[in-house]
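Report on the following structure.
The values are calculated or read from the model by the stated rules, or taken from the named source; none is laboratory data. Here the structure is a predicted model, which is why all the values come from computation and not from measurement. Using ideal geometry, Cβ is built from the backbone for each residue, glycine included, and neighbour counts are taken over all protein chains shown. The area values use the complete protein model at the heavy-atom level, side chains included, leaving out ligands, DNA and RNA. Shrake-Rupley method; radii C 1.70, N 1.55, O 1.52, S 1.80 Å.
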Amino acid sequence: MTAEQFSAEYHLLERVSTGAVETHHAHASAGAMVMVHYLRGSRQENDALCELIPRLRPELQRKVMRTLDVDGVTVVVTRFILDLTTFQEWLHN
């Protein structure tokens with residue numbers, strides 16, 4: 001997916017964390033408030049984070065809406081996570 005296509009589906013709002021994972025609050029074109037997590041670490045780091053998603057507890061797994069490639073960057077879109085500190089910590093719960 002291109003950044004332009006992604007922007008048509010998700011309007012980024014405030015950035016809530018930076019670093020190996022950059023997280024934004026976002027507004028989905030369907031109307032929902034979501035969170036967008038750009039995985040900006042090394043390929044190994046990003047793959048390791050993605051491998052944690054299927055291991056999440058079912059109620060947390062349901063918060064993950066989609067994982068996609070946006071112009072070469074892995075992006076994970078989740079439902080709004082009220083108590084998020086970092087995406088990495090949330091995945092390790």
Spot the failing condition for Phe80; the list is (1) touching a residue at least 40 places away in the same chain (Cβ under 8 Å); (2) touching a Lys or Arg at 6+ places or on another chain (Cβ under 8 Å); (3) open to solvent by 40 Å² or more (accessible area, probe 1.4 Å), and only one is missed. (2)
Matching residues in region 54-77 - criterion: being part of a helix (DSSP H, G or I) and loosely packed, with under 15 Cβ neighbours inside 10 Å: Pro54, Arg55, Pro58, Glu59, Gln61
Scan region 38-67 residue by residue and report those that are touching a helix residue (DSSP H, G or I) at 6+ places or on another chain (Cβ under 8 Å), within 15 Å of Met1 (Cβ to Cβ) and not hydroxyl-bearing (Ser, Thr, Tyr). Leu39
Within region 1-49, the count of residues that are polar (S, T, N, Q), surrounded by 11 or more Cβ atoms within 10 Å (Cβ to Cβ) and over 19 Å from Lys63 (Cα atoms) comes to 3
Give me the residue from region 16-37 that is aliphatic (A, V, I, L, M) and assigned to a loop (DSSP other than H, G, I, E, B) and, out of that set, nearest to Gln5 (Cα to Cα). Ala30
